[in-house]
Amino acid sequence: MTHHLPSKKCNAAEFQGSALNEGFCTDLTDWIEKQSADFWIYGHSHRNMPDFNIGKTQMRTNQLGYVGYGEHQNFQRDAVFSTDENTNKNTSK
(Lines give C-alpha, C1' and ligand atoms only; values in the text may rest on other atoms or scores of the structure.)
Protein backbone atom coordinates (compact mmCIF):
# COMPACT_ATOMS: atom_id res chain seq x y z
CA MET A 1 0.00 0.00 0.00
CA THR A 2 1.35 3.40 -0.93
CA HIS A 3 0.09 6.95 -0.82
CA HIS A 4 1.75 7.83 -4.13
CA LEU A 5 1.02 6.16 -7.44
CA PRO A 6 3.32 3.12 -7.79
CA SER A 7 3.28 3.08 -11.59
CA LYS A 8 2.76 5.48 -14.48
CA LYS A 9 0.03 3.05 -15.52
CA CYS A 10 -2.00 4.34 -12.54
CA ASN A 11 -2.04 7.86 -13.95
CA ALA A 12 -5.26 9.30 -15.33
CA ALA A 13 -5.14 10.12 -19.05
CA GLU A 14 -5.12 13.85 -18.31
CA PHE A 15 -1.77 13.50 -16.51
CA GLN A 16 0.02 11.20 -18.96
CA GLY A 17 3.31 12.79 -20.01
CA SER A 18 3.12 15.64 -17.47
CA ALA A 19 6.41 16.95 -16.10
CA LEU A 20 4.74 17.01 -12.67
CA ASN A 21 4.26 13.22 -12.53
CA GLU A 22 7.51 12.76 -10.62
CA GLY A 23 5.87 14.58 -7.70
CA PHE A 24 3.19 11.97 -7.18
CA CYS A 25 4.27 8.83 -9.01
CA THR A 26 7.23 6.53 -8.41
CA ASP A 27 7.38 4.08 -11.29
CA LEU A 28 7.76 0.68 -9.64
CA THR A 29 6.11 -1.21 -12.51
CA ASP A 30 9.01 -3.64 -13.09
CA TRP A 31 9.42 -4.28 -9.37
CA ILE A 32 5.68 -4.91 -8.90
CA GLU A 33 5.70 -7.43 -11.78
CA LYS A 34 8.56 -9.35 -10.13
CA GLN A 35 7.02 -9.36 -6.62
CA SER A 36 3.59 -10.69 -7.63
CA ALA A 37 1.74 -9.30 -4.61
CA ASP A 38 -1.99 -10.04 -4.71
CA PHE A 39 -3.04 -6.38 -4.36
CA TRP A 40 -1.62 -2.86 -4.35
CA ILE A 41 -3.70 -0.02 -2.97
CA TYR A 42 -2.65 3.53 -3.86
CA GLY A 43 -3.82 7.13 -3.83
CA HIS A 44 -2.59 10.74 -4.10
CA SER A 45 -3.69 11.65 -7.64
CA HIS A 46 -7.31 12.47 -6.68
CA ARG A 47 -8.44 10.41 -9.68
CA ASN A 48 -10.03 6.97 -9.46
CA MET A 49 -8.94 4.51 -12.07
CA PRO A 50 -10.61 1.17 -12.84
CA ASP A 51 -8.94 -1.83 -11.21
CA PHE A 52 -6.27 -3.36 -13.44
CA ASN A 53 -3.32 -5.71 -13.12
CA ILE A 54 0.41 -5.22 -13.32
CA GLY A 55 1.60 -8.78 -13.73
CA LYS A 56 -0.36 -10.77 -11.13
CA THR A 57 -0.91 -7.76 -8.86
CA GLN A 58 -4.33 -6.12 -8.86
CA MET A 59 -4.03 -2.33 -8.63
CA ARG A 60 -6.85 -0.67 -6.66
CA THR A 61 -7.75 2.85 -5.58
CA ASN A 62 -10.70 4.74 -4.14
CA GLN A 63 -9.80 8.40 -3.71
CA LEU A 64 -12.05 11.16 -2.41
CA GLY A 65 -10.09 14.07 -3.88
CA TYR A 66 -11.06 17.69 -3.31
CA VAL A 67 -14.84 17.96 -3.02
CA GLY A 68 -14.69 21.71 -3.78
CA TYR A 69 -13.15 20.90 -7.17
CA GLY A 70 -15.61 18.12 -7.92
CA GLU A 71 -12.94 15.42 -7.67
CA HIS A 72 -15.18 13.26 -5.48
CA GLN A 73 -17.59 12.20 -8.24
CA ASN A 74 -16.15 8.67 -8.60
CA PHE A 75 -15.43 8.09 -4.91
CA GLN A 76 -17.25 5.01 -3.60
CA ARG A 77 -18.12 5.77 0.02
CA ASP A 78 -19.45 2.25 0.62
CA ALA A 79 -16.57 0.40 -1.07
CA VAL A 80 -15.20 -2.57 0.86
CA PHE A 81 -11.91 -4.28 0.20
CA SER A 82 -10.95 -7.54 1.82
CA THR A 83 -7.66 -9.41 1.57
CA ASP A 84 -9.44 -12.65 2.50
CA GLU A 85 -9.23 -14.78 -0.64
CA ASN A 86 -12.60 -16.37 0.16
CA THR A 87 -14.50 -13.09 0.32
CA ASN A 88 -12.66 -10.80 -2.09
CA LYS A 89 -14.35 -11.28 -5.42
CA ASN A 90 -13.94 -7.59 -6.32
CA THR A 91 -16.27 -6.36 -3.61
CA SER A 92 -15.81 -2.71 -4.48
CA LYS A 93 -18.83 -1.35 -6.28
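Annotations
- Of the residues making up the stretch 10-43, those that are of a type outside the set (F, W, Y), within 12 Å of T61 (Cβ to Cβ) and modelled with pLDDT of 85 or more are C10, N11, I41, G43.
- Among the residues of the stretch 2-21, those that are aliphatic (A, V, I, L, M) and either more than 16 Å from Y42 (Cα to Cα) or part of a helix (DSSP H, G or I) (or both) comprise A13, A19, L20.
- Counting the residues of the stretch 57-70 that are closer than 16 Å to H3 by Cβ and of a type outside the set (S, T, Y) gives 6.
- Assessment of the stretch 42-53 against the conditions (surrounded by 15 or more Cβ atoms within 10 Å (Cβ to Cβ), touching a helix residue (DSSP H, G or I) at 6+ places or on another chain (Cβ under 7 Å), part of a loop (DSSP other than H, G, I, E, B) and of a type in the set (A, V, I, L, M, F, W, C)) yields at least one matching residue.
- Cβ pairs under 7 Å, 6+ apart, first in the stretch 29-47 and over 20 Å from L64 (Cα atoms), second among the hydrophobic types (A, V, I, L, M, F, W, C): T29/I54; I32/W40; I32/I54; E33/I54
- Failed item in (1) of a type outside the set (F, W, Y); (2) under 13 Å from the mean Cα position of the chain (by Cα); (3) surrounded by fewer than 16 Cβ atoms within 10 Å (Cβ to Cβ), with V67 passing the rest: (2)
The values are calculated or read from the model by the stated rules, or taken from the named source; none is laboratory data. Bear in mind that the values here come from a model prediction, so they are computed numbers and not experimental data. Backbone-built Cβ (ideal geometry, glycine too); neighbour counts: all protein chains shown.
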